Amino acid sequence: MTTNTMVNTMELNLMLSQENAVMQVALKARILIADKGDTCRNLQNYLEMHSQEVQVTNLAGEIIPMTRRWLPNVIILSYKFCYGDQRSVCQKLLNDTRTAHIPLIVLLDHDSKTTRLELLEMGVNDIILKPFDLEELGLRIQSLVRLSTAEA
């Protein structure tokens with residue numbers, strides 16, 4: 001191998017390495033989880049293992065202020081977590097100009113067609129029933145992040 005070929009190979013490897021680093025940074029998302037318990041911990045651990053930046057709130061009253069401060073790429077909200085104020089929290093997130101662009105995934109503890117339809121009419125991006133597959137949810141999050149960054 002000639003010196004020029006080695007230099008070109010090294011330059012190519014460096015370029016590919018830099019491009020790979022840029023892709024990894026671009027795919028890293030800020031995810032806000034509003035839930036508590038084992039489901040929340042498992043989801044947080046899974047997302048952090050996959051290089052996502054995660055913040056968790058286990059206080060229903062913190063969801064909206066935390067979203068406005070941190071501006072996550074995706075919000076994952078346990079519907080049961082909001083203690084009877086679910087519609088109000090979802091509507092505030094979806095109607096506030098500072099947060100309306102952020103994809104919202106709602107986790108449901110039970111399957112109710114009425115609840116699913118209400119959430120979809122409000123503008124929720126995805127609804128997932130507990131228990132759920134972490135890998136599937138991870139892929140749904142990636143998809144929403146890609147779509148929302150493409151629109152920006």
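The values are calculated or read from the model by the stated rules, or taken from the named source; none is laboratory data. All values reported here derive from a predicted model rather than from experimental measurement. Here the Cβ is made from the backbone with ideal geometry for all residues, glycine too, and neighbour counts use every protein chain on show.
Would it be correct to say that Thr97 is exposed (fewer than 11 other Cβ atoms within 10 Å of the Cβ), modelled with pLDDT of 90 or more and either farther than 19 Å from Leu139 by Cβ or among the basic types (Lys, Arg) (or both)? Give the steps one after another, and end with the answer.
Details: exposed (fewer than 11 other Cβ atoms within 10 Å of the Cβ): yes; modelled with pLDDT of 90 or more: yes; either farther than 19 Å from Leu139 by Cβ or among the basic types (Lys, Arg) (or both): yes.
Answer is yes for this residue.
Take the residues in segment 81-110 that are touching a Lys or Arg at 6+ places or on another chain (Cβ under 9 Å) and part of a helix (DSSP H, G or I), then tell me which one is farthest from Glu151 (Cα to Cα). The selected residue is Phe81. One residue stands out among those in segment 109-152 that are in contact (Cβ under 8 Å) with a residue 12 or more places away in the chain and of a type in the set (Gly, Ala, Ser): the one that is surrounded by the fewest Cβ atoms within 10 Å (Cβ to Cβ), which is Ala152.
Applying the selection to segment 97-126, what residues are more than 18 Å from the chain's Cα centre (by Cα) and either within 23 Å of Glu53 (Cβ to Cβ) or β-branched (Val, Ile, Thr) (or both)?
Residues of segment 97-126 more than 18 Å from the chain's Cα centre (by Cα): 97, 109-118, 121-122.
Those that are more than 18 Å from the chain's Cα centre (by Cα) and either within 23 Å of Glu53 (Cβ to Cβ) or β-branched (Val, Ile, Thr) (or both): Thr97, Thr114, Thr115.
Would you say Leu77 is hydrophobic (A, V, I, L, M, F, W, C) and surrounded by fewer than 19 Cβ atoms within 10 Å (Cβ to Cβ)? Break it down stepwise before answering.
Numbers: hydrophobic (A, V, I, L, M, F, W, C): yes; surrounded by fewer than 19 Cβ atoms within 10 Å (Cβ to Cβ): no.
The answer is no for Leu77.
Here is the figure for segment 111-152: residues that are over 19 Å from Gln86 (Cβ atoms) and in a helix (DSSP H, G or I) total 18.
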